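The values are calculated or read from the model by the stated rules, or taken from the named source; none is laboratory data. In this text, all values refer to a predicted model and were calculated from it rather than measured experimentally. For neighbour counting, all protein chains shown are included, and Cβ atoms are generated from backbone atoms with ideal geometry for every residue, glycine included.
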Number of protein chains: 2
Amino acid sequence: MDGKLVSQAVKDRLKQQTEVRISEGKKIPHLAAILIGNNGASETYISSKVKSCSEIGFKSTLIRLSESISELQLLNKLTELNEDFDVDGILVQLPLPKHISEQKVIETIYPSKDVDGFHPESVGRMVQGLPTFYPATPYGILLLLEHYKVETKGKHVVVIGRSNIVGRPISIMLSKNEYPGNATVTVCHSHTSHLNEICLQADIIIAALGKPEFLKADMVKQGAVVVDVGITRVEDQRKKSGFSIKGDVDFQDVSDKCSFITPVPGGVGPMTIAALMMNTFKACAAKDSI
Amino acid sequence: MDGKLVSQAVKDRLKQQTEVRISEGKKIPHLAAILIGNNGASETYISSKVKSCSEIGFKSTLIRLSESISELQLLNKLTELNEDFDVDGILVQLPLPKHISEQKVIETIYPSKDVDGFHPESVGRMVQGLPTFYPATPYGILLLLEHYKVETKGKHVVVIGRSNIVGRPISIMLSKNEYPGNATVTVCHSHTSHLNEICLQADIIIAALGKPEFLKADMVKQGAVVVDVGITRVEDQRKKSGFSIKGDVDFQDVSDKCSFITPVPGGVGPMTIAALMMNTFKACAAKDSI
């Protein structure tokens, strides 16, 4: 499954829908993104988010803050963005400097602007099947499965990893009564015994544990669908940068057995951004009826 | 596993802890319960909750409202209870009359007084591992497993049913990194294929689908732990009342194979009330530091 291609397709569709909004005199979606400090990976992530906004025709505001900003100053900034009607979605690029509480930051953003879907209320609403923003990475996986018309109903999905950001939400979303969903879902983690046996039963495996090349061919049933959420920098002398990006799946070993598989990079990564754009669009459209 | 006995043990412990609070001049836990209309089952549930409060030494306020109360009147009543410092926990006995939105009622109760654990924010905080109130029935199941020192780490738990009230939350709670928890959890539901095979792999089965005597011996591995959450009224001419209460497990068929099993009635039911009392105590104790 080609995340770059599908991400582009999602963004193209959003671009059209945004042009329609403009022609109808409706509000243009507006994402406000906060970047603190000078982390290299964060710079890369945030700049591709901002770039996606401009490709689609969204407004975006990138707010750069110094590493030394106090927690209170950041929370005040968020309150200001909460109150700004023109801003539809707010995201704070993680991780944060150690002196700032991630949880406080997440809980300060209004659930109605929480396009990352990390607020406890957003998570609770997702669990209960109420309208809300799905967290971007698992939502990106759903968009990918949908694009390739992967059947999920009655299928056995094995999720490896139970993080708040990916493993836990995707396991809930795929067992809900909707499409993609209605799967029988097993959540595995570091305490799981017989992991190989369990994976071998899976029609769909979501690898989201953060261990490079963990999933091998002897854990995968012939014809399975494999989604690789891992993205770890591994030292690599052959690369100019000195490192290469590895997923949680040993792609070369596993790919022959799969009916569908996502590469790393170019799989789930770009879909995360597409999902964020979808959420921003929805946050804006939700205001139409106000 | 004897829910009556363990429920009593939990309540006895709470009674002691409440006496300690009183001797220290601290606030007495206070539960406010709202009952609307004259549903027979609701009357039974709410009166055993109120009775439990008085056994333990909690204050309780039972508010009876007529079936014809408007939604706004009910929400106003809830706001009043939210603002009343003396009230620690608020519960509204479900189901509600059709003209009142259950969701609005649930979301009006302050998360800090949401001892039923049904507010989206409570659910999200549970998922994310933040301090919160666990919904009463799954919390009661945890208390039961804890009392009988049932090992859950690395065990395979199969949950049948994905309701917001039981199946979904217990599946999340048992796969969290705590005790009881750290299990490998599979969520099954009406679209699950090969349910028998999946159940046969389970070390622990939680039956929460609401179909009387659904789980049979040929679905249960020798030595498994079976928790029966079902509680359905089935016509029974031999009973004076004209009905008997059936669980989701065919107890006679299954019990010989189990290392532990809960009966119905007298299993999970009484534990739900014990869990509610635990939550009310915690809601009160959380105010000590204010």
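Restricting attention to region B:29-61, and to residues there that are among the hydroxyl-bearing types (Ser, Thr, Tyr) and within 20 Å of B:ALA9 (Cα to Cα), which single residue is surrounded by the fewest Cβ atoms within 10 Å (Cβ to Cβ)? Break it down into steps so the answer makes sense when it comes.
First pass over region B:29-61, keeping only residues among the hydroxyl-bearing types (Ser, Thr, Tyr): B:42, B:44-45, B:47-48, B:52, B:54, B:60-61.
Keeping just the survivors that are within 20 Å of B:ALA9 (Cα to Cα) gives B:45, B:47-48, B:52, B:54.
Details: B:TYR45: 19, B:SER47: 13, B:SER48: 14, B:SER52: 23, B:SER54: 10.
So the residue we want is B:SER54.
Listed residues B:GLU55, B:GLU67; which is among the acidic types (Asp, Glu) and closer than 30 Å to B:PHE260 by Cβ? Let's see the steps before the verdict.
On the way: B:GLU67 fails: closer than 30 Å to B:PHE260 by Cβ.
Of B:GLU55, B:GLU67, the one residue that is among the acidic types (Asp, Glu) and closer than 30 Å to B:PHE260 by Cβ is B:GLU55.
Residue-level analysis places B:VAL254 outside the set of residues that are over 12 Å from B:GLY3 (Cβ atoms), at pLDDT 95 or above, under 23 Å from the mean Cα position of the chain (by Cα) and not assigned by TED's automatic domain parsing to the domain that holds B:TYR45.
Return the total of residues in region A:171-217 being among the hydrophobic types (A, V, I, L, M, F, W, C) and without any contact (Cβ under 8 Å) to a residue 40 or more places away in the chain.
Initially, region A:171-217 is screened for residues among the hydrophobic types (A, V, I, L, M, F, W, C), giving A:172-174, A:183, A:185, A:187-188, A:195, A:198-200, A:202, A:204-209, A:214-215, A:217.
Filter again for without any contact (Cβ under 8 Å) to a residue 40 or more places away in the chain, leaving A:174, A:183, A:185, A:187-188, A:195, A:200.
Residues in region A:171-217 being among the hydrophobic types (A, V, I, L, M, F, W, C) and without any contact (Cβ under 8 Å) to a residue 40 or more places away in the chain: 7 in total.
Might you check whether a residue that is surrounded by 13 or more Cβ atoms within 10 Å (Cβ to Cβ), β-branched (Val, Ile, Thr) and farther than 27 Å from B:PHE243 by Cβ occurs anywhere in region B:2-16? Looking through region B:2-16, at least one residue is surrounded by 13 or more Cβ atoms within 10 Å (Cβ to Cβ), β-branched (Val, Ile, Thr) and farther than 27 Å from B:PHE243 by Cβ. Report yes if some residue within region A:195-216 is farther than 24 Å from B:CYS199 by Cα and over 22 Å from the mean Cα position of the chain (by Cα); otherwise report no. Taking every residue of region A:195-216 in turn, at least one turns out to be farther than 24 Å from B:CYS199 by Cα and over 22 Å from the mean Cα position of the chain (by Cα).
This table checks each residue for (1) over 30 Å from B:VAL229 (Cα atoms); (2) free of Cβ contacts under 8 Å to residues at least 40 places away in the same chain.
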residue	(1), (2)
B:GLU24	yes, yes
B:ILE34	no, no
B:GLU43	no, yes
B:LYS51	no, yes
B:LEU62	no, yes
B:GLN73	yes, yes
B:LYS77	yes, no
B:ASN82	yes, yes
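So, in region B:186-208, exactly how many residues are away from chain A (no Cβ under 12 Å) and crowded, with 22+ Cβ neighbours inside 10 Å? Can you show your working first?
Just the residues of region B:186-208 that are away from chain A (no Cβ under 12 Å), to begin with: B:196, B:200, B:204-208.
When the remaining residues are screened for being crowded, with 22+ Cβ neighbours inside 10 Å, the result is B:204-208.
Counting residues in region B:186-208 that are away from chain A (no Cβ under 12 Å) and crowded, with 22+ Cβ neighbours inside 10 Å gives 5.
Looking only at region A:133-156, decide whether some residue is touching a residue at least 60 places away in the same chain (Cβ under 8 Å), more than 12 Å from chain B (Cβ to nearest Cβ) and polar (S, T, N, Q). Looking through region A:133-156, at least one residue is touching a residue at least 60 places away in the same chain (Cβ under 8 Å), more than 12 Å from chain B (Cβ to nearest Cβ) and polar (S, T, N, Q).
Would you tally the residues in region A:222-245 being buried (at least 17 other Cβ atoms within 10 Å of the Cβ) and modelled with pLDDT of 95 or more? Show your work before the answer.
We begin by selecting, within region A:222-245, every residue buried (at least 17 other Cβ atoms within 10 Å of the Cβ); these are A:224-231, A:245.
Applying the additional criterion that residues be modelled with pLDDT of 95 or more yields A:224-230.
Residues meeting the conditions: 7.
Of everything listed in (1) part of a helix (DSSP H, G or I); (2) small (Gly, Ala, Ser); (3) touching a residue at least 60 places away in the same chain (Cβ under 8 Å); (4) buried (at least 21 other Cβ atoms within 10 Å of the Cβ), the single unmet condition for B:GLY124 is (3).
Mind checking which pairs have a first residue in region B:5-22 that is within 16 Å of B:LEU276 (Cβ to Cβ) and a second that is not in a helix (DSSP H, G or I), Cβ under 6 Å, 6 or more apart or different chains? Here the result reads B:LYS15/B:GLY57; B:THR18/B:GLY57, each pair linking region B:5-22 to a residue that is not in a helix (DSSP H, G or I). Count of region A:239-256 residues, restricted to those that are part of a loop (DSSP other than H, G, I, E, B) and either within 23 Å of A:MET219 (Cβ to Cβ) or among the hydroxyl-bearing types (Ser, Thr, Tyr) (or both), is 4. On the stretch given as region B:209-221, residues that are buried (at least 23 other Cβ atoms within 10 Å of the Cβ) and either basic (Lys, Arg) or not assigned by TED's automatic domain parsing to the domain that holds B:SER171 (or both) total 0. For region B:157-175, which residues satisfy the criterion of being at negative phi, outside any helix (DSSP H, G or I) and buried (at least 22 other Cβ atoms within 10 Å of the Cβ)? Matches in region B:157-175: B:VAL157, B:VAL158, B:VAL159, B:ILE160, B:ARG162, B:VAL166, B:SER175. Answer yes or no: is there a residue in region A:101-111 that is more than 19 Å from B:GLN128 (Cβ to Cβ), surrounded by fewer than 21 Cβ atoms within 10 Å (Cβ to Cβ) and not aliphatic (A, V, I, L, M). Scanning region A:101-111 turns up no residue that is more than 19 Å from B:GLN128 (Cβ to Cβ), surrounded by fewer than 21 Cβ atoms within 10 Å (Cβ to Cβ) and not aliphatic (A, V, I, L, M). Number of residues in region B:95-121 that are within 14 Å of another protein chain (Cβ to nearest Cβ) and in a loop (DSSP other than H, G, I, E, B) equals 8.
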